[in-house]
C-alpha cells in the first residue's frame, strides 16, 4: 500500500510551504493578511507582501492591544505614525545626533501643525498649503531646501503607511512640483582672499580674539568641519611625518528638554570623512604654537568627553577623550555652536571698527560679510580651485565621496595618502595667517 502524505490538521502554509502563524493567511494575489480579535473586539486587518515584517508587526500589536495602547489605523495621526516609525525603524540604524535631528525638525515644522491631522485625512493640497505657509510666515520663514527636507521626512512616513496598507496612496508623492522655491535662504559664501586676509589680520591683532587665531588657521587651512576641529586631540597629530588623522567629531547633545545637555564624541559624518591630511606649513606652525601655549599656561583640559560608539565606526573610538587641542578659557573643549558664536562676535567687532576707521579716513567701509564656521570649508575649497587642484583631490581634502575611489582606504592608512600629499606644495601658496 502506497504511503500517503501525512495530513496536517489546523496548519496553514503559504505558497512557499512556510507554516503561517495563527491569525495570518495568504491571499490569492500573494499578499499576507493578519486578522485579530481580542475580548470580542475585531480589529481592522493588516496586509503586507513581507511575511516576516507582518509577523513582527502582529506581535507588537498584540502587546499594545493587551496593554490598551493600540491605535486603530483610521484614528492614527501623522505625529503618532512618525514617532512609531522613528522608534521602530530608525532608532537602531541612525547615529544618535541624526536621530535627534529628525525629531527636532519634526517638532519645528510638522508636530504642532499638520502633524495633528489624522493620517488618512491628509490630502496633497493640505501639504501644499502647509509648505506655502512655512515659506511665507512672518516668524522664521523657511527656505526651499528646508521645505525639501521636511517633505522628504513626511514622504517617508506616508510611504511606510502605504506599504503597511494603512493608506491606498501617498499624498506627499511629487507634491513639491506645486511648491515654488520662493524662499532660497542665505546663499552659502566663500570669503575672497582679501576678506580672509582681513579677517585673520583682525583676529591676530585683537587683544581678545587673538586667542582663537590658531583655530581659524586650522579651519581655513584644512577645510575640515567645525565638529572635527573641536574633536582634534594632540594624539591625532603626527609632527614627525607631518599629517593629521581625522576620524571623530564633537557635538553637543540634548536629548530631552528637561535634561541638561552634554558634549559627546562620535565618528565622522560619513565613512569618506575619515581621512588623513598632510599639514600645510601655516597649519603645522599654528598647531605647534597651540601646543606650546598650553604648556606655557599649564593649561589642561578639565573635562573628559564621552564617546558614542557605533558598529559602523571606521576607527574604533576610545571611551573618553580629554587631550583636546583647542580649549576655551574654562579649560574645556570648543563646541561648534561656541565657534559660530565667536565668529559672529568677531564680524560685529570688525565691522564696528571698520565703520569708525572709514569715517575718519573719509572712505567707504569695507565690511566683512556674515558667515559661519561652515563657510571656512567653502573658502578652503575655493582657494583649492583657484590654485587649480584636481576636483577629486579637493573632495579628498574635504572628506567627500569621490567617483571610483574607496576614500576610506585612502585616508585611514598613512601609506595611502600620497595622492593629496603632493598638493601641499601648491596649497602652501595660500596666505592663511
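The values are calculated or read from the model by the stated rules, or taken from the named source; none is laboratory data. All figures in this text were calculated on a predicted structure; none of them were measured in a lab. Cβ placement follows ideal geometry from the backbone for every residue including glycine, while neighbour counts extend to all protein chains displayed.
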Open item on the list: Anything in the stretch 198-229 that is over 19 Å from residue 333 (Cα atoms) and without any contact (Cβ under 8 Å) to a residue 24 or more places away in the chain? List them, or say none.
Closed with: 201, 205, 207
Open item on the list: For the stretch 264-302, which positions are under 21 Å from residue 316 (Cα atoms) and surrounded by fewer than 22 Cβ atoms within 10 Å (Cβ to Cβ)?
Closed with: 264, 269, 270, 271, 272
Open item on the list: For the stretch 348-366, give me each residue that is under 15 Å from residue 212 (Cβ atoms) and in contact (Cβ under 8 Å) with a residue 40 or more places away in the chain.
Closed with: 349, 350
TODO: Give the residue, chosen from 154, 128, that is farther than 23 Å from residue 104 by Cβ, under 27 Å from the mean Cα position of the chain (by Cα) and at pLDDT 90 or above.
DONE: 128
Task: Selected residue (criterion: surrounded by the fewest Cβ atoms within 10 Å (Cβ to Cβ)) from residues of the stretch 131-145 that are without any contact (Cβ under 8 Å) to a residue 40 or more places away in the chain and closer than 18 Å to residue 111 by Cα - done: 139
Task: Residues satisfying the stated conditions in the stretch 241-273, i.e. modelled with pLDDT of 90 or more and either in a loop (DSSP other than H, G, I, E, B) or assigned by TED's automatic domain parsing to the domain that holds residue 104 (or both) - done: 241, 242, 247
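Across the stretch 81-96, which residue is farthest from residue 167 (Cα to Cα) among those that are in a helix (DSSP H, G or I) and touching a residue at least 40 places away in the same chain (Cβ under 8 Å)? Explain how you work it out, then say what you get.
First, the residues of the stretch 81-96 that are in a helix (DSSP H, G or I): 81-90, 96.
Imposing the further condition that a residue be touching a residue at least 40 places away in the same chain (Cβ under 8 Å) reduces the set to 81-82, 85, 89, 96.
Working: 81: 12, 82: 14, 85: 15, 89: 19, 96: 30 Å.
By that ranking, first place goes to 96.
Yes or no, residue by residue, for (1) in contact with a strand residue (DSSP E or B) (Cβ under 6 Å, 6 or more places away or on another chain); (2) within 24 Å of residue 99 (Cβ to Cβ):
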position	(1), (2)
277	yes, no
296	no, no
301	yes, no
308	yes, yes
314	no, yes
329	no, no
335	yes, yes
341	no, no
344	no, no
Task: Those residues of the stretch 109-125 which are farther than 18 Å from residue 85 by Cβ and loosely packed, with under 15 Cβ neighbours inside 10 Å, in sequence order - done: 112, 113, 121, 123, 125
Task: Filter result for the condition that a residue is assigned to a loop (DSSP other than H, G, I, E, B) and free of Cβ contacts under 8 Å to residues at least 24 places away in the same chain, over 169, 188 - done: 169
Task: Only listed residue being in contact with a helix residue (DSSP H, G or I) (Cβ under 9 Å, 6 or more places away or on another chain) and not in a loop (DSSP other than H, G, I, E, B), chosen from 162, 157 - done: 157
Task: Residue among 337, 282, 331, 310 that is assigned to a loop (DSSP other than H, G, I, E, B) and within 22 Å of residue 373 (Cβ to Cβ) - done: 331
TODO: Check whether at least one residue in the stretch 97-110 is at pLDDT 90 or above, assigned to a loop (DSSP other than H, G, I, E, B) and within 18 Å of residue 157 (Cβ to Cβ), and report yes or no.
DONE: yes
Task: Filtered residue count, the stretch 215-240, keeping only those that are over 16 Å from residue 424 (Cβ atoms) and in a strand (DSSP E or B) - done: 1
- [ ] Would you confirm whether any residue within the stretch 383-403 is at pLDDT below 50, within 23 Å of the chain's Cα centre (by Cα), part of a loop (DSSP other than H, G, I, E, B) and assigned by TED's automatic domain parsing to the domain that holds residue 221?
- [x] no
